[in-house]
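Participant: Dropping the structure in here first, questions after.
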Amino acid sequence: MKILAFAGSSSSTSINKELVKFVLKDFQNEDINLIDLNDYTMPVFSVDLEKKGFPDAAHQFLKRIEDCDVIICSLAEHNRSYSAAFKNIFDWASRINVKVFQNKPMLLMSTSPGGYGGGNVMNTAKTFFPQFAANIKETFSLPKFYENFDLESGVINPDMLKELNEKIKNFKTEITN
């Protein structure tokens, strides 16, 4: 199984990327492609620029999705929405192919330092991603990242770890049936 994994963040110290890397430990025997959004930088989307053509990075991002079997991502929340880096990639990609996520099964996550765990961006994504052919099989939000996560151990809150493990198990069941 080919897994495309990413954090919806351009931060070099992304807590969402740390969550993705932790979850990927449960998929060690799979073909994992963990990408960095910084490798897909492009001009800020505008219809004027679109008239001049689409950036190669947008095509490359869509190709990564095309080449995978499943998507595992964790979205950063900036001002109650997607990060500008992710939104820009998403905007360009959706103009090339409105079915950005190409019906690939998705484990959608979010985390934040606050108590809502990126819940605003999660709720937005759960509502809108399916309109762009996301096949969301499971979701998970981790609140209070710095209290519930250790860079060496991963999720350290026992209740949160139990919930995450159940969601990973459910996701694996969904994608193998």
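The values are calculated or read from the model by the stated rules, or taken from the named source; none is laboratory data. Bear in mind the structure is a predicted one, so any value in this text is a computation, not a measurement. Cβ: placed from backbone, ideal geometry, glycine included. Neighbour counts: every protein chain shown. Note: areas computed on protein heavy atoms with side chains; ligands, DNA, RNA excluded. Shrake-Rupley method; radii C 1.70, N 1.55, O 1.52, S 1.80 Å.
Participant: Between L151 and D36, what's the calculated FRET efficiency when r is the beta-carbon distance and R0 is 25 Å? Round to 0.05.
Facilitator: Efficiency at R0 = 25 Å is approximately 0.90.
Participant: As an exercise, identify the trypsin sites (Lys or Arg not before Pro) in the range 1-32 lying in DSSP coil whose Cβ has no more than 14 other Cβ atoms within 10 Å.
Facilitator: For trypsin sites (Lys or Arg not before Pro) across the range 1-32 that sit outside H, G, I, E and B with at most 14 neighbouring Cβ atoms in 10 Å, the list is empty.
Participant: What value, in deg cm²/dmol to 500, does the helix sum -39500 (n - 2.57) over DSSP H runs of n ≥ 4 give at 222 nm once divided by the residues of the chain?
Facilitator: Value at 222 nm, helices only: -12000 deg cm²/dmol.
Participant: Calculate what fraction, in whole %, of the accessible area of the range 18-177 sits on carbon and sulfur atoms when a 1.4 Å probe is rolled over the protein chains.
Facilitator: Taking all protein chains in place, the range 18-177 shows 45 percent carbon and sulfur surface.
Participant: For the chain, calculate the relative contact order in percent as a whole number, restricting contacts to Cα pairs under 8 Å that are 6 or more residues apart.
Facilitator: Once normalised by length, the contact order is 22 percent.
Participant: Need the list of aspartates and glutamates near K162 for cross-linking: C-alpha distance under 19 angstrom, and skip anything on the same chain fewer than eight residues off.
Facilitator: E18, D26, E138, E147, D150, E152, E174
Participant: Right, next: Give me, ordered by chain and number, the residues 5 or more places off G8 or on other chains with an amide H under 5 Å from its own placed amide H.
Facilitator: Those qualifying (amide H under 5 Å, at least 5 residues apart or on another chain) are S74, L75, A76.
Participant: Sticking with this one: Using θ = phi - 60° and the Karplus curve 6.51 cos²θ - 1.76 cosθ + 1.60, what whole-Hz ³J(HN,Hα) does each residue of the range 10-16 get, with Gly and Pro shown as x?
Facilitator: My calculation for the range 10-16 gives 9, 6, 5, 10, 4, 6, 5 Hz in order.
Participant: Calculate one ³J(HN,Hα) per residue across the range 71-82 by plugging θ = phi - 60° into the Karplus curve 6.51 cos²θ - 1.76 cosθ + 1.60, and present them in order as whole Hz with x for glycine and proline.
Facilitator: Using θ = phi - 60°, the values come out as 10, 10, 9, 10, 8, 6, 10, 10, 6, 6, 8, 5 Hz.
Participant: Further question on the same structure: If you stretched the chain out fully between T173 and Q60, how much longer would it get, using 0.36 nm times the residue separation minus the C-alpha to C-alpha distance?
Facilitator: That works out to 37.7 nm of additional length.
Participant: Tell me whether the range 120-168 comes out rounded, prolate or oblate; compute the Cα gyration tensor, take square roots of the eigenvalues as a ≥ b ≥ c, and use a/c under 1.5 as the rounded threshold.
Facilitator: Taking the square roots of the gyration eigenvalues as a ≥ b ≥ c, the range 120-168 is prolate.
Participant: Let me ask something else about it. Which residues does the label zone of F128 cover in the range 1-25, counting backbone N under 11 Å from a point 7 Å along Cα→Cβ?
Facilitator: Those under the cut-off are none; the list is empty.
Participant: On a 0 to 90 degree scale, rounded to 10, what angle separates helix 158-176 from the longest Cα axis of the chain?
Facilitator: Taking the Cα atoms of the chain, the angle to 158-176 is about 50 degrees.
Participant: As a test question: what accessible area, to the nearest 10 Å², does F145 have when a 1.4 Å probe is rolled over all protein chains in place?
Facilitator: For F145, solvent-accessible area is about 10 Å².
Participant: If you build a Gaussian network model of the chain, linking Cα atoms that sit under 10 Å apart, which residue out of E163, E152, E77 swings the most?
Facilitator: E152
Participant: Sorted by accessible area with a 1.4 angstrom probe, largest first, how do S10, S94 fall?
Facilitator: The ordering from most to least exposed comes out as S10, S94.
Participant: Hey, with R₀ at 35 Å, roughly what FRET efficiency would K2 and Y116 work out to, going by the Cβ-Cβ distance, to 0.05?
Facilitator: For R0 = 35 Å, the calculated efficiency reads 0.60.
Participant: In sequence order, what are the phi-derived ³J(HN,Hα) couplings for the range 35-43 according to the Karplus relation 6.51 cos²θ - 1.76 cosθ + 1.60 with θ = phi - 60°, rounded to whole Hz, with x for glycine and proline?
Facilitator: 9, 10, 4, 5, 7, 10, 6, 7, x
Participant: Mind listing the long-range amide H neighbours of G114? Cut-off is under 5 Å, sequence gap 5 or more, other chains count too, H placed in the peptide plane at 1.01 Å from N.
Facilitator: Hits under the 5 Å cutoff: K144, F145.
Participant: Turning to a different aspect of this structure: Near the amide H of V155, under 5 Å away, which other amide H atoms are found, from residues 5 or more places off or on another chain, if H is placed in the peptide plane?
Facilitator: Amide H to amide H, under 5 Å and 5 or more residues apart or across chains, V155 pairs with D150.
Participant: Let me ask something else about it. Is there a pair in K126/K172; K51/K126; K99/K137; K63/K104 whose C-alpha atoms are over 21 Å apart, and which pairs would that be?
Facilitator: The pairs that break the limit, which is 21 Å between Cα atoms, are K51/K126.
Participant: If you roll a 1.4 Å probe over the heavy atoms of the protein chains, what accessible area per residue do you get for the range 1-143, in Å²?
Facilitator: Value for the range 1-143: 46 Å² per residue.
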